[in-house]
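No value in this document is a laboratory result; all are computed from the given coordinates. The shown structure was predicted, so the numbers you read here are calculated from the model rather than taken from an experiment. Cβ sites come from the backbone with ideal geometry, for glycine too, and all protein chains shown count toward neighbours.
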Ligand SMILES: C[S@@+](CC[C@H](N)C(=O)[O-])C[C@H]1O[C@@H](n2cnc3c(N)ncnc32)[C@H](O)[C@@H]1O
């Protein structure tokens, strides 16, 4: 695979303001008007996180709209990964939303945001129903990467932690979203100056071995319990990576050894 992955779009968040790298004029003319005029209301009535999520979704919808109304620049299927992973909006559409793993309260909250701010942001004939918009919000939340100034996931960080710095933006990377997570990743990632995510082997990787990244900053969550809780709360799954499996087996063994003789 190409060691870089382009985002569907990127948002740069600096000094509390949002700057889009692409599509800005189109988005503000066609789509963003509603959201940008409602920005201060949303920020007061909802959280800053909700505002960023909504803005990111509007940008995804603007990209979809622009793409579907313009002629394709080249024939789809030209690049090797496109057959399995899609391209442009199709690649976003092919991402998992994991609708059933989000808690009911979270889905209810997003349904309310969709009804209040997103209905009508995609114009006819490309309009989307509330259900389709909720699915896009779940896709955005499941597959978005934070952008950080330093590498995420090199192995030396486990012994010599170097925080990756503050997030300066976010982006949805449909191909990168196919990576599974490991608390002992064999691949590190970091965005380049064009917002493309660049992947670097963190150690030798054998042919056929699964390439794995970390979904979070491993320097911030070091123990098995901290990592498992973080993954469960923020990513809605239980991590069964090799490091968690090994540490959990070691913990079980210690627990058995501490039982009174005969049990
Ligand atoms: C963004 S997707 C990753 C790619 C996905 N496996 C695919 O086939 O497209 C994230 C999902 O992959 C699964 N996953 C990733 N890393 C995992 C891990 N370490 N342990 C268990 N499940 C994992 C979980 O179901 C998680 O919700």
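By the count of other C-beta atoms within 10 Å, a proxy for reagent exposure, 150, 139, 108, 190 are ordered fewest to most as 108, 150, 190, 139.
Based on alpha-carbon centroids, what's the gap between the range 132-187 and the range 35-67 in Å, whole number please? The range 132-187 and the range 35-67 have Cα centres separated by 21 Å. Ranked for footprinting exposure by Cβ neighbours inside 10 Å, fewest first, 8, 199 give 199, 8. Fewest-first ordering of 234, 109 by other beta carbons within 10 Å of each residue's beta carbon gives 234, 109.
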